[in-house]
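Only one structure is covered here, and it is reproduced in the block below.
The values are calculated or read from the model by the stated rules, or taken from the named source; none is laboratory data. This structure is a prediction, so every number in the text was calculated from the model and none was measured. FYI the Cβ positions are ideal-geometry reconstructions off the backbone, even for glycines, and counts take in every protein chain you see. Note: accessible area is taken over every heavy atom of the protein model, side chains too, but ligands, DNA and RNA are not part of it. Shrake-Rupley method; radii C 1.70, N 1.55, O 1.52, S 1.80 Å.
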Amino acid sequence: MSQQFDVVVIGGGPGGYVAAIRAAQLGFNTACVDLFKNPEGKPSLGGTCLNVGCIPSKALLQSSENFHAVQHDFAKHGISVSGAKMDVGQMLARKTEIITKNAAGISFLFKKNKVANIHGLASFKGRQGDKWLIEVTDNGAVVDTLEAVHVIVATGSSPRALPGLATDNQLVLDNEGALALTAVPKRLGVIGAGVIGLEMGSVWKRLGAEVTILEAMPTFLAAADQQIAKEAFKTLTKDTGLDIKLGVKIGEIKTGKKSVTVNYELNGEAVKAEFDKLIVSIGRVPNTQGLGAEVVGLQLDERGFVAVDEHCHSNLPNVWAIGDVVRGPMLAHKASEEGVAVAERIAGQKPHVDFGVIPWVIYTSPEIAWVGKTEEQLKAEGIEYKKGTSGFGANGRALGLGQAQGMVKILADAKTDRILGLHMIGPMVSELVSEGVVSMEFKAASEDLARIVHAHPSLSEVVHEAALAADKRALHG
């Protein structure tokens, strides 16, 4: 006999589990069906982000940065360390501990909010009256049948593979394999200079690998403001030591017993490079396989995303979709906010998610973050603007931290002074960017930001100084 629910969420990632919790808070009888299993074969909520993405990558980044600091930075503080060694096994164990703790936390929240936690692959099987029929399978066997008035599809995304190249996570790695290397490779190749490529390249470079990143685009971080991107390229290549090659045309890739050979073309010249491991990070594709979209006529676009309107509603009644499986940036926080909004729309509320004020962060060292329009976008759209910049080089807090690289850039409307974008590279800018998010959400002017008292000494003073500079009244520059 089928289990009856008001809302069934398919996918337990940052979009799905949040949507399920919010729906339950609003009084709906809610279930969340999730397929993910950890390496021990046990169900683990949190999706790609928690299990093999955002969270474990940050854990490894922190470990690698600590190791680098011991070797290169502690002496400046009068701390002498000799014979420092990296225990990769312990580093991975710490990463796993963090994942396990967070996954258990989601399970606790499900119990607290009375969300039914169901493991397996959920597929549409049809419609009966005003309810959708959903079948749940595990390893091909049917384990449950559900009926739901509303369905929220939150199935996320998977790594895009290079045509003709198998990912075995032994020699050729995706994000999951890159997070599980049991030893530091001597020569590490990375195809793709996006978020995953830069973060994973940074981890293993700081632990001792020779890292070469091959990027097809001629422009580094094309989505970012190019003044910030150029600063990032200089820092990551000079200080971090990443060998980043732009405008690469990838050719034949051959895997051997212990290495991978990549043939590519750069500036018209043929190059052959051999790596011990190769990370492929060329984007992600939506997870719609096995969903049963064709069974019920759920519309997918030409790229395989679930087609939705501005409210995340699909072409089918009471079927919604959020996160990586729909249009827009593939960001965990975007998925979560869409999940909350959909749950509230089901309840008859009128929530709003401003896609123009979603922060982006790359957790390299230094970090890169931005929100809003880039200078290149403003020029292309013919919007008159003014800008203010300020660096971390003279900031007392940054100097005390020993992380005085980078800058903050504010872009504001030339006539109204309304903030249009905030772009930064430097220490802890993943936290500082929220100052721009809040300011832009409340339609603040750069003068508003300039007149807010910022603590001294703090990294946020660089944001304050950039806001002052937008009005040509910088005090420290």
Checklist entry - So what is the relative contact order for the chain, in percent, with contacts set as C-alpha pairs under 8 Å and at least six apart? => result 14
Next on the checklist: Let me spell out the model: positive unit charges on the Cβ of Lys and Arg, negative unit charges on the Cβ of Asp and Glu, origin at the Cα centre of the range 359-470. What dipole size does that give, in debye rounded to 20?
Outcome noted: 120
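Taking GluC sites (Glu not before Pro) as candidate sites, keep only those in a DSSP loop with at most 15 other Cβ atoms within 10 Å, then name the longest stretch of the chain containing none of them. Before the final figure, lay out the partial values.
Details: sites that count: GLU40, GLU302, GLU310, GLU381, GLU384.
Between the exposed loop sites, the longest stretch runs 41-301.
Hey, with R₀ at 51 Å, roughly what FRET efficiency would LYS245 and HIS313 work out to, going by the Cβ-Cβ distance, to 0.05? Intermediate results must be reported in sequence, preceding the final value.
On the way: r = 43 Å, r/R0 = 0.85.
With R0 = 51 Å, the Cβ-Cβ based efficiency is 0.70.
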Checklist outcome for this item: Given unit charges at Cβ for Lys, Arg (+) and Asp, Glu (-), the dipole magnitude of the chain about its Cα centre in debye, nearest 20, is 800
Checklist entry - For the range 98-113 and the range 358-426, what is the separation of their C-alpha centers, rounded to whole Å? => result 36
Item to check | Heavy-atom SASA rank of TRP132, TRP360 (probe 1.4 Å, accessible area, largest first) | outcome: TRP360, TRP132
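For LEU162 and LYS101, calculate 0.36 nm times their separation in residues minus their Cα-Cα distance, and state this gained length in nm to one decimal. Show your work: numbers first, answer last.
Working: separation 61, 0.36 × 61 = 21.96 nm, distance 3.37 nm.
Stretched fully, the LEU162-LYS101 segment lengthens by 18.6 nm.
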Checklist entry - With all protein chains present, how much of the accessible area of the chain (probe radius 1.4 Å) comes from carbon and sulfur, to the nearest whole percent? => result 52
Checklist entry - Which residues does a label at ALA394 reach in the range 413-448, if reach means a backbone N under 19 Å from a point 7 Å past the Cα toward the Cβ? => result 425-427
Next on the checklist: Based on C-alpha coordinates, I'd like the Rg and Dmax of the range 161-281, in Å.
Outcome noted: 13.6, 43
Checklist entry - Can you list the HN-Hα couplings for the range 118-134, worked out from phi with the Karplus curve (6.51, -1.76, 1.60; θ = phi - 60°), rounded to whole Hz and with x for Gly and Pro? => result 10, 9, x, 9, 9, 9, 5, 10, x, 9, 10, x, 9, 10, 8, 9, 10
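Give the ranking of PHE5, PHE108 by solvent-accessible surface, highest area first, calculated with a 1.4 Å probe. Each step should come with its number before you reach the end.
Details: PHE5 15, PHE108 130 Å².
Result, largest first: PHE108, PHE5.
For the range 416-477, which semi-axes, largest first and in whole Å, follow from the square roots of 5 times the eigenvalues of its Cα gyration tensor? Write out the running numbers ahead of the final one.
Details: eigenvalues 53, 44, 20 Å².
Result for the range 416-477: semi-axes of 16, 15, 10 Å.
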Item to check | trypsin sites (Lys or Arg not before Pro) restricted to DSSP loop in the range 382-477 with at most 12 other C-beta within 10 Å | outcome: LYS415, LYS443, ARG451, LYS472, ARG473
Next on the checklist: Based on alpha-carbon centroids, what's the gap between the range 249-321 and the range 204-221 in Å, whole number please?
Outcome noted: 20
Checklist entry - So what are the three principal axis dimensions of the range 278-405 from its Cα atoms, in whole Å, longest to shortest? => result 61, 42, 32
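How much accessible area per residue does the chain have, counting only protein heavy atoms and a probe of 1.4 Å, in square angstrom? Show your work: numbers first, answer last.
On the way: 22230 Å² over 477 residues.
On a per-residue basis, 47 Å².
Helix hunt in the chain: which complete DSSP H runs extend at least 24 Å axially by C-alpha with mean Kyte-Doolittle at least 0.0? Write out the running numbers ahead of the final one.
Values: long enough: 54-72 (27 Å, -0.16); 88-112 (36 Å, 0.18).
Span-like helices in the chain: 88-112.
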Item to check | At most 12 other Cβ within 10 Å, DSSP loop - trypsin sites (Lys or Arg not before Pro), the range 254-339 | outcome: LYS257, LYS258, ARG303
Item to check | Accessible area of CYS54 in the full protein assembly, 1.4 Å probe (Å², nearest 10) | outcome: 50
Checklist entry - TYR363: accessible area at probe 1.4 Å, nearest 10 Å²? => result 80
Next on the checklist: At 0.36 nm per residue, and after removing the present C-alpha to C-alpha distance, how many nm does the segment from GLU431 to ASN263 gain when stretched out fully?
Outcome noted: 56.5 nm
Checklist entry - Which one of CYS32, THR48, GLY15 has its Cα pushed farthest toward the positive end of the charge dipole of the chain, where Lys and Arg give +1 and Asp and Glu give -1 at the Cβ? => result THR48
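What is the percent of Cα-Cα separations in the range 33-137 that go past 20 Å?
Details: 3166 of 5460 pairs.
Tail fraction, whole percent: 58.
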Checklist outcome for this item: Any trypsin sites (Lys or Arg not before Pro) in the range 13-113 that lie in a DSSP loop and have at most 13 other Cβ atoms within 10 Å would be LYS85
Checklist entry - So if we plug the beta-carbon distance of PHE442 and GLN349 into 1/(1 + (r/R0)^6) with R0 = 25 Å, what FRET efficiency do we get, rounded to 0.05? => result 0.75
Next on the checklist: Please list, in order along the range 282-288, the HN-Hα scalar couplings obtained from phi with the Karplus expression 6.51 cos²θ - 1.76 cosθ + 1.60 (θ = phi - 60°), rounded to whole Hz, x for Gly and Pro.
Outcome noted: 10, x, 9, 10, x, 8, 10
Item to check | Percent of C-alpha pairs per 5 Å bin, the range 359-470, short to long | outcome: 2, 14, 25, 26, 19, 10, 4, 1, 0
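Within 12 Å, Cβ to Cβ, of ALA24, how many net charges do the neighbouring residues add up to if Lys/Arg are +1 and Asp/Glu are -1? The partial results should precede the final answer.
Numbers: positive: ARG22, LYS111, LYS112, LYS114; negative: ASP6.
Neighbourhood net charge equals +3.
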Checklist entry - Using just the C-alpha positions of the chain as equal point scatterers, what log10 of I(q)/I(0) does the Debye formula give at each q in 0.06, 0.09, 0.10, 0.11 1/Å? => result -0.30, -0.69, -0.85, -1.01
